[in-house]
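Below is one structure, written out as structure tokens; comments come after it.
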Amino acid sequence: MKIEKIISKKEQQNLSPDEVLKDLISGNERFVEEKINDKDHKSLVESATGGQNPKAVVLSCVDSRVPVETVFDQTIGDIFVARVAGNFENTDILGSMEYACKVAGSKLVFVLGHESCGAVSAACDNVELGNITSMLSNIKPAVDAVEISGERNSSNKDFVKAVVEKNVKLTMDRVREKSPILKDLEINGDIKIVGGVYSLKTGEVNML
């Protein structure tokens with residue numbers, strides 16, 4: 001299928017949160033199977049000049065190996081993407097999510113972690129370096145919450161994996177706690193807040 005126009009407001013409004021989630025997961029399956037949709041980027045750019053109606057907002061790590069639109073087979077105008085090392089929430093990201101859902105009409109908040117996350121590994125190792133120290137403090141609650149045998153540092157791959165998953169789950173919890181707007185939208189069924197972890201080995205997004 002060749003995509004030539006961005007999603008319209010009517011198309012966005014007619015989507016349910018479950019349908020948007022299914023669309024992203026189906027897109028990831030196409031990515032894994034190397035069957036992504038053909039896209040006319042020139043036409044998409046032109047059609048986007050009149051506004052945008054993205055289906056979802058994805059909070060992802062900055063990692064260059066996780067190109068969010070690509071791994072979900074989305075294109076121009078389809079999704080908002082917020083990125084920060086370690087895919088945690090803060091005031092600016094929460095405000096961006098509130099804009100995406102309450103103002104722009106997005107139906108899904110997706111917190112996307114990934115395996116072998118450098119920020120998570122650094123938090124596990126208590127790295128201290130400039131502003132990175134403060135940034136990693138946002139991931140420390142996940143580090144502290146994981147109980148596992150063996151070394152509690154990045155040399156223990158099972159520990160890092162568990163912290164990656166816990167960090168996604170805690171971020172989802174804090175989004176609900178810190179944003180009454182998003183919490184109410186979810187309670188009312190207007191949006192869903194979900195999370196998953198991207199596999200660097202396979203390209204697959206595994207839902208949590």
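The values are calculated or read from the model by the stated rules, or taken from the named source; none is laboratory data. Quick caveat: nothing in here was measured; it's all calculated off a predicted structure. Every residue, glycine as well, gets a Cβ built from its backbone with ideal geometry; the counts of neighbours run over all protein chains shown. Heads up: the accessible areas ignore ligands, DNA and RNA and are worked out on the full protein's heavy atoms, side chains in. Shrake-Rupley method; radii C 1.70, N 1.55, O 1.52, S 1.80 Å.
Values as computed for the structure displayed
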| item | result |
| --- | --- |
| Model label zone, residue 35; criterion: amide N under 19 Å from point 7 Å along Cα-to-beta-carbon; scope the range 171-208 | 202-206 |
| Per residue accessible area of the chain, 1.4 Å probe, in Å² | 50 Å² |
| Label point distance in nm, residue 14-residue 2, each placed 7 Å from Cα along Cα→Cβ | 2.3 nm |
| Rounded FRET efficiency, nearest 0.05, which uses the C-beta distance separating residue 99 from residue 158 and R0 of 45 Å | 0.75 |
| Using alpha-carbon coordinates, inclination of helix 17-32 to the longest axis of the chain, degrees | 80 degrees |
| Residue with peak Gaussian network fluctuation, the chain [Cα springs, cutoff 10 Å], from 196, 113, 130 | 130 |
| Equivalent ellipsoid semi-axes, the range 158-208, via Cα gyration tensor eigenvalues times 5, rooted, Å | 25, 13, 6 |
| Residues with amide H under 5 Å from that of residue 192, placed H, sequence gap 5 or more | 108, 109 |
| Extreme residue, positive dipole direction of the range 5-138, given options 136, 15, 72 (C-beta unit charges) | 15 |
| Over the chain: helical MRE at 222 nm, DSSP H runs n ≥ 4 each giving -39500 (n - 2.57), nearest 500 | -12000 deg cm²/dmol |
| Counting DSSP beta bridges with both ends in the chain, the antiparallel % (nearest 5) | 15 percent |
| Vicinal HN-Hα couplings computed from phi for the range 116-132 (Karplus, 6.51 cos²θ - 1.76 cosθ + 1.60; Hz; Gly/Pro x) | 6, 5, x, 5, 5, 4, 5, 5, 5, 9, 6, 5, 10, 7, x, 6, 4 |
| Fraction of accessible area attributable to carbon and sulfur, the range 1-111 (%, probe 1.4 Å) | 50 percent |
| Gaussian network model of the chain, springs between alpha carbon atoms under 10 Å - residue of 21, 129, 182 with greatest fluctuation | 129 |
| Tilt relative to the chain, helix 157-178 - C-alpha long axis, 0 to 90 degrees, to 10 | 60 degrees |
| For the range 74-171, average projected area of the Cα convex hull in nm² | 7.0 nm² |
| Accessible surface of the range 116-208 [probe 1.4 Å, protein heavy atoms]: carbon and sulfur percent | 49 percent |
| Rg followed by Dmax, in Å, when the range 3-144 is reduced to its Cα trace | 16.7, 48 |
| Potential extension, residue 169-residue 45 segment - 0.36 nm per residue separation minus Cα distance | 41.1 nm |
| Too-long pairs where the Cα-Cα distance tops 20 Å, listed order kept, from 157/201; 169/192; 140/166; 22/55; 5/102; 10/42 | 5/102; 10/42 |
